[in-house]
Each structure stands twice: as C-alpha cells, then as structure tokens.
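Since the structure comes first, as structure tokens, the remarks are kept for the end.
The values are calculated or read from the model by the stated rules, or taken from the named source; none is laboratory data. These numbers were taken from a predicted model, which means no experiment stands behind them. We place every Cβ from the backbone using ideal geometry, glycine too, and count neighbours over all the protein chains shown. What goes into the accessible areas is simple: the full protein's heavy atoms, side chains included, and nothing from ligands, DNA or RNA. Shrake-Rupley method; radii C 1.70, N 1.55, O 1.52, S 1.80 Å.
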Amino acid sequence: MSQTLRGLIFSAALCLSACGSTTFTSTWKAPDAQRVDPLGKSIAALVISSDKTRQRDAEVYLSNDLTSRGARGVPAHMLIGYGHPDVNYARAKFKDAGVEGVVVMRVVGHDQTVIVDPGGFSGSAYGSFGSYYSSYGVAVSYSTGSVQTDTVVTVETLVYSLNQDKLLWAGTSRTSNPQGIQSLIIEVADAVASQMSRQGLIAR
C-alpha cells in the first residue's frame, strides 16, 4: 500500500473517532408527558458518581448549562451533600429549596479502542529492482507510524418532575473523545435538549 493511501486511510479513521459527537442509542418519553417550560424554574443537577470531586464539578457544569437555557440550575450537592442520602431527605431538601425538577446524569460505560498505523517503507521505487537501484532510494519514504486512542463514554440521562413525582424523559448516549468532564457534560446536555425539543417536550 502506498504511503499516501495509507496516510489517507489513517487520517479518515482519526477523523471518524476524534471528530465524533454525541449520539443516542435509546430514548424514552412518558406517553402522557406535556410540554414543559423550564424558564425561571429551579432545576437540580444531580450527577451520580463515587468520586466527590468529579460529582461536584460535573453538577456545577450541568447546573450552569441549565441556567444558560433559562432555568435556575442548582448543583444537587449544595442541597443534599454527597453519598446518596435517603430519598425522603433528598425530596424534602429539594422541596424546601423550591426545586421543581431534577436532571440526573450517570456514566454507565467507558470504552477505549487503539488505532495503529504501523508505518514502514513505501514508494514507487519498490516496484522493481531496476527502479529502486536507478533512483538509489530517492523515491523511497519511511513512516514511523502513529497511534490514536479512541474513547467513547456512555451516559444515562434522566429528567424528573418533582411536582408530579414522575420520570418525564430518559436517554442513553455515546460521546466520542470528550475533552474532559466539562466537555462531556456540556455536549450531552446539548444533545439531550435537542432531542427533547424534537420530541416536543421542551422549547429549544
């Protein structure tokens, strides 16, 4: 295989992995769910994680994203702390703070694939001894190769109405190569908002 063709194939593989976005493998909407307007409403951002620092940062990013969309985003840890407190305690704390809904996110999968270009010698001079000897190796090129790690993170997102005490929407998404927790949260939140809007549950 020529060096040029190999390079084009490897570049295409990198683009497919590195340039990927968030896609959904499944979504669900409550059959009787009515269109909701989050404008001005207090919505808690709850990220399920055993790592307190990661949970705190993720909830701040998610609450900021909710606020940018017109709601009043509240990091759940500011109301109920960490460590999965009792549901009645959490519900009471949310109610006291005027929270009307909760957006829950949880990472349920983290997969990595390594893409390798082994490199090697190539060039038109390799076609025959005569062409190689005549060019004295000038038409020969060598690639040291490359390695790219493709990371895919699977996130479960749930949207609850506390006023109705029911699940309104659920989705499982896959995000390719997020650049950290902030990038992951923002990209998934944007994809969720777009999907819910297409399903007529919220205004975009």
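Every residue in the stretch 163-204 that is in a helix (DSSP H, G or I), open to solvent by 20 Å² or more (accessible area, probe 1.4 Å) and either under 26 Å from P31 (Cβ atoms) or touching a Lys or Arg at 6+ places or on another chain (Cβ under 9 Å) (or both), please.
Within the stretch 163-204, I181, D190, S194, Q195, S197, R198 meet the criteria.
Take the residues of the stretch 57-76 that are without any contact (Cβ under 8 Å) to a residue 24 or more places away in the chain and not β-branched (V, I, T): which is nearest to G98 (Cα to Cα)? Working first, answer last.
Our first condition is that a residue be without any contact (Cβ under 8 Å) to a residue 24 or more places away in the chain; within the stretch 57-76, this holds for 59-60, 63-64, 67-68.
Among the residues that remain, those that are also not β-branched (V, I, T) are: 59, 63-64, 68.
Numbers: E59: 18, S63: 15, N64: 18, S68: 19 Å.
In this case the residue turns out to be S63.
Give the stretch 25-41 a look and list any residue that's exposed (fewer than 15 other Cβ atoms within 10 Å of the Cβ) and closer than 21 Å to D65 by Cβ, or say none.
Selection gives R35, D37, L39, G40.
Restricting to the stretch 54-72, and then to whatever is of a type outside the set (D, E, K, R) and open to solvent by 20 Å² or more (accessible area, probe 1.4 Å), can you tell me which residue is farthest from the chain's Cα centre (by Cα)?
Restricting attention to the stretch 54-72, the residues satisfying the condition of being of a type outside the set (D, E, K, R) are 55, 58, 60-64, 66-68, 70-71.
Subsequent filtering for residues that are open to solvent by 20 Å² or more (accessible area, probe 1.4 Å) retains 60-61, 64, 66-68, 70.
On the way: V60: 16, Y61: 13, N64: 17, L66: 16, T67: 19, S68: 19, G70: 22 Å.
The residue in question is G70.
Exactly one of these conditions fails for D111: (1) open to solvent by less than 70 Å² (accessible area, probe 1.4 Å); (2) more than 19 Å from I202 (Cα to Cα); (3) acidic (D, E). Give me its number.
So D111 meets the others, but not (1).
So which pairs qualify, if the first residue must be in the stretch 182-204 and over 17 Å from P38 (Cα atoms), the second must be surrounded by fewer than 14 Cβ atoms within 10 Å (Cβ to Cβ), the Cβ gap must be under 8 Å, and the two must be at least 6 apart or on different chains?
E187/S21
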